[in-house]
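Input: a single structure, listed below in structure tokens.
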Amino acid sequence: MKSPSIHVQNLRKVYTVSQQEAGTAAALGSLVHRHKIEIAAVDGISFDLAAGEMVGFLGPNGAGKTTTLKMLSGVLHPTTGEATVLGYIPWKREKPFLRQITLVMGQRNQLVWDIPALHSFELNRAIYRIPPDDYRYMLDQLTELLGLGPLLHKPVRNLSLGERMKCEIAAALLHRPSVVFLDEPTIGLDVTMQRRIRAFLTEYNQRFGATVLLTSHYMADVEALAKRIVVIHHGKLLFDGDLSVLVQKFTAHKTIEVQIGDCQADLNQYGEVLSCADGHFTLRVPKAETARVTERLLADLPVIDLTVEDPPIEEVIEMVFAQESP
Amino acid sequence: MNYLRLFVVFFRVSLMGELAYRVNFFVQLFQSFLSLGLSLIGLAVIFSFTNTLGGWRPDEVLALVGVYFLVGGMISLIIQPGMQELIDSVRHGTLDFALTKPEDAQFIISISRVEIWSLIDILMGIGVLVFALVRMGERVGGWEAAIFILMLLAGGVIIYSFWLILAALSFWFVRVENILTVFQSMFEAGRWPISLYPGWLRYGLTFVIPVAFAVTVPAEALTGRLNWETLLIAVALAVVLFIGSRLFWRAGLRHYSGASA
Amino acid sequence: MRGLVELYTQQFKTTTAMMFQYRASLFIWMIGQVLEPLVYLVIWTIVSNGSGGSVGSYTTKEFAAYFIVLMLVNQVTYTWIMYDFEYRIREGTLSFALLKPVHPIHSDIADNLSSKLITLPIMIIIAVGLAVAFHASISPPLWAIGVFIPALLLAFLVRFLMEWTLAQAAFWTTRVSALNQTYFMMMLFLSGQMVPLVLLPYPVQIVATILPFRWMISFPVEILLGQHTPVEALEGLGIQVAWLIVGTILLRFVWRAGVRAYSAVGA
């Protein structure tokens, strides 16, 4: 077995936040004494990523996704716990480590604003000391995959948000990193552009065998990109595994779609009727009884069509978070 | 050597950025001339009432003004923009990008912005300096020139280190732009020979805010006022401050990344 | 009107809390406010001492008084709005201000005044210290002190309106720092910050009198130093009021055009 590309063990990050009450008196008071509280942004999480794996990091705002990502890319020091990425301790920020990773942040940009993106690419070429041949090769690849052609020569400020994001991603990948951290790479983009970026990431992951860890709060991102997901909430790990397993684990119900002649029949004896339109019933049944109910439905009624489905992923996640909220 | 190569690349990129706004060149040209003009008028007014200012003759003060423009140009060419970038990137969180680069983050940040047209100030400063030296009839040999350049470098390092310490304060405090603006007005004090000021102010402008080492000392080197003591102090201070600011930067970075928590 | 009073009180409270948060930078800012007049005070003291104790109509002690009073007047009248406005437009925070049903200048004035109420006591202490150190002498007639107060207030308002109007340039150009610097250079020279205006060549004095700079800083200083007759003082107040009116009209005009330009690009 290969050693994991990313290894995280009991990682914890505690922030000390000073608080100030409103009002002049309180402001004066804070000169002398500041009330401080500790907040655990990441509260003891562990997971491993194999080389070449693509994993989605999921959680509501403030769950600790970005903090974790920053610790793994070496920007932040953890309070306690350990992590290795490609065998390096990230926050030591050793050059051989930094040369093999990259960080993309959907809400920040590193491209120089007033000039064409190509010049910023040149900067990264110099910083990462990319050999000319490799640079040309990667630039060609990225230009093709992302459709950058005409964008490269326009000043960055004249690009749309989506175009800029494509250039940001390209700039971050020129040195062909083997570990890619993406923090909300599709935030604010329209659906088409989101799909485009997703397709690219999958392609990049496969073509170059890079390990990819991305955070997002768009379910569609995660569904499309990552087979495996890691869910955190309030800094704690809730789930780590296949998306389908998550659904299994956190849903006690399945929905049965059944098509019969009309809506006259009373199906309440089989399960909770959620809706009916043109003879198309949607039933919710406890997971354990799914098989039995299906059997009975087929035996008792003139069924035209019947499908058993998991509830939509958004609902599942919502349920997960709802269960865990304090 | 790699540092130099990176600097060249950054410089080229800045130049291209600037060429997109050619108007800036003329704006800067106008400003530089206005600023120099006002300086000269100021001198003219003062020297219309007196022949010497604290032992400095008009041409010597003029040479000082030249050095002032030269050093001011150096500051606004590279030091100030880089430090502004540091402050901005701490606030906007884009410092993360610099931190995930396989080069020294301090270096990357320091050279990441260049105000190309400040070269005008530098050239103008050199022009005024040469003009003043010619008028003084002073013969500047290779030795004096070397000392002058050494002092200029020491002054540059001192100012850079000082600014780095100020800008690195942004790791702890939200708002430090003020400090940079104020430095500008303190630097103005360097237009005049530091020896004019009362003791406490002279001391402050030498060691608290090292304006003296940036402007007065190099000018002294050219006007034959420099003694060995000052020269050694300048070099020593440059070394100490550079190391000190580096340590301070590291402490700031530790604070930023929460290593101490 | 009551709403406005309420606004000013509230703004004052918030700013006070804020200023305490930024006390470090406020203090450093003050060093700059002191240093600039101090530099010129030193220069002119040396020049004056070197030429027998006076330059033109100024004795060494009067130079000291001039620059120390100037320091206080500058402290009362200065604004940082030209930097701030650019920041607001660059960061897009101006949009919030535009949504509010009050003209944004009110919160700026309140902001400005409250920060000064905090710093002024310290400035006065510094001024007294400097006055002792440089043997400043000042003996204004009683009526001059009475005129000084309105002259100072008008100077503040004129400078505020002017700089607020100039700050609008950020609506049209990203190169406001060049404009600001040009303005400050003119200010330095023509408002008497570098040298008392009467010591300048006569044509320059005329230019300084025509332009608004003198009325934003130098004039109140001249009054307190007792350099004007009552009639001249009243004339000066009149000119300040005239600039106030011009400034108000200008501000309204420029602000409207600016907001139109701003909303046109959809920032």
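The values are calculated or read from the model by the stated rules, or taken from the named source; none is laboratory data. Source: prediction; values computed, not measured. For neighbour counting, all protein chains shown are included, and Cβ atoms are generated from backbone atoms with ideal geometry for every residue, glycine included.
Listed values, structure above:
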read-out	value
Residue identified as more than 24 Å from residue A:149 (Cα to Cα) and of a type in the set (Lys, Arg) among A:236, A:166	A:236
Scope region A:82-129; condition within 30 Å of residue A:161 (Cα to Cα), assigned to a loop (DSSP other than H, G, I, E, B) and at pLDDT 90 or above; matching residues	A:99, A:100
Residues that are more than 10 Å from chain A (Cβ to nearest Cβ) and closer than 15 Å to residue A:127 by Cβ, drawn from region B:108-119	B:109, B:110, B:111
Single condition residue A:156 does not satisfy, out of (1) within 14 Å of chain B (Cβ to nearest Cβ); (2) of a type outside the set (Phe, Trp, Tyr); (3) surrounded by fewer than 19 Cβ atoms within 10 Å (Cβ to Cβ)	(3)
Options A:59, A:149; residue that is in the same structural domain as residue A:229 (by TED's automatic domain parsing) and over 30 Å from residue A:314 (Cα atoms)	A:149
Members of region C:36-63 that are assigned to a helix (DSSP H, G or I), within 8 Å of chain B (Cβ to nearest Cβ), over 19 Å from residue B:55 (Cβ atoms) and touching a helix residue (DSSP H, G or I) at 6+ places or on another chain (Cβ under 6 Å)	C:36
Residue that is surrounded by the fewest Cβ atoms within 10 Å (Cβ to Cβ) [pool: residues in region B:200-242 that are in contact with an Asp or Glu (Cβ under 9 Å, 6 or more places away or on another chain) and touching a residue at least 60 places away in the same chain (Cβ under 8 Å)]	B:224
Residue among B:140, B:130, B:114 that alone is farther than 24 Å from residue B:85 by Cβ and part of a loop (DSSP other than H, G, I, E, B)	B:140
Number of the condition not met by residue A:114 [criteria: (1) closer than 17 Å to residue A:177 by Cβ; (2) of a type in the set (Asp, Glu); (3) within 12 Å of chain B (Cβ to nearest Cβ)]	(1)
Which numbered condition residue B:110 fails, given (1) closer than 17 Å to residue C:181 by Cβ; (2) buried (at least 19 other Cβ atoms within 10 Å of the Cβ)	(1)
Boolean, residue B:245 is touching a Ser or Thr at 6+ places or on another chain (Cβ under 7 Å) and touching a residue at least 40 places away in the same chain (Cβ under 8 Å)	yes
Residue list for region B:15-34, filter: at the interface with another protein chain (Cβ under 8 Å from one of its Cβ atoms) and closer than 20 Å to residue B:79 by Cα	B:16, B:17, B:24, B:28, B:31
In region B:1-14, residue surrounded by the fewest Cβ atoms within 10 Å (Cβ to Cβ) [restricted to those that are in contact (Cβ under 8 Å) with a residue 12 or more places away in the chain and more than 10 Å from chain A (Cβ to nearest Cβ)]	B:3
Some residue of region C:23-34 being under 23 Å from the mean Cα position of the chain (by Cα), away from chain B (no Cβ under 14 Å), buried (at least 17 other Cβ atoms within 10 Å of the Cβ) and at pLDDT 80 or above	no
Test: residue in region A:89-101 that is more than 11 Å from chain B (Cβ to nearest Cβ) and more than 21 Å from residue B:18 (Cβ to Cβ)	yes
Number of the exception - residue B:88 against (1) assigned to a helix (DSSP H, G or I); (2) within 13 Å of chain A (Cβ to nearest Cβ); (3) touching a residue at least 60 places away in the same chain (Cβ under 8 Å)	(3)
Residue check for residue C:226: outside any helix (DSSP H, G or I), in contact (Cβ under 8 Å) with a residue 12 or more places away in the chain, of a type outside the set (A, V, I, L, M) and surrounded by 12 or more Cβ atoms within 10 Å (Cβ to Cβ)	yes
Filter result for the condition that a residue is surrounded by 14 or more Cβ atoms within 10 Å (Cβ to Cβ) and modelled with pLDDT of 80 or more, over A:251, A:282	A:282
Conditions (1) under 25 Å from residue C:253 (Cα atoms); (2) touching a residue at least 40 places away in the same chain (Cβ under 8 Å); (3) surrounded by fewer than 21 Cβ atoms within 10 Å (Cβ to Cβ): number failed by residue C:140	(1)
Conditions (1) in contact with a Lys or Arg (Cβ under 6 Å, 6 or more places away or on another chain); (2) touching a residue at least 12 places away in the same chain (Cβ under 8 Å); (3) on the phi < 0 side of the Ramachandran plot; number of the one not met by residue A:127	(2)
Lone unmet requirement of (1) over 19 Å from the mean Cα position of the chain (by Cα); (2) farther than 30 Å from residue B:170 by Cα for residue C:18	(2)
Filter result (surrounded by fewer than 22 Cβ atoms within 10 Å (Cβ to Cβ) and assigned to a strand (DSSP E or B)) within region A:42-54	A:43, A:44, A:46, A:47, A:48, A:49, A:54
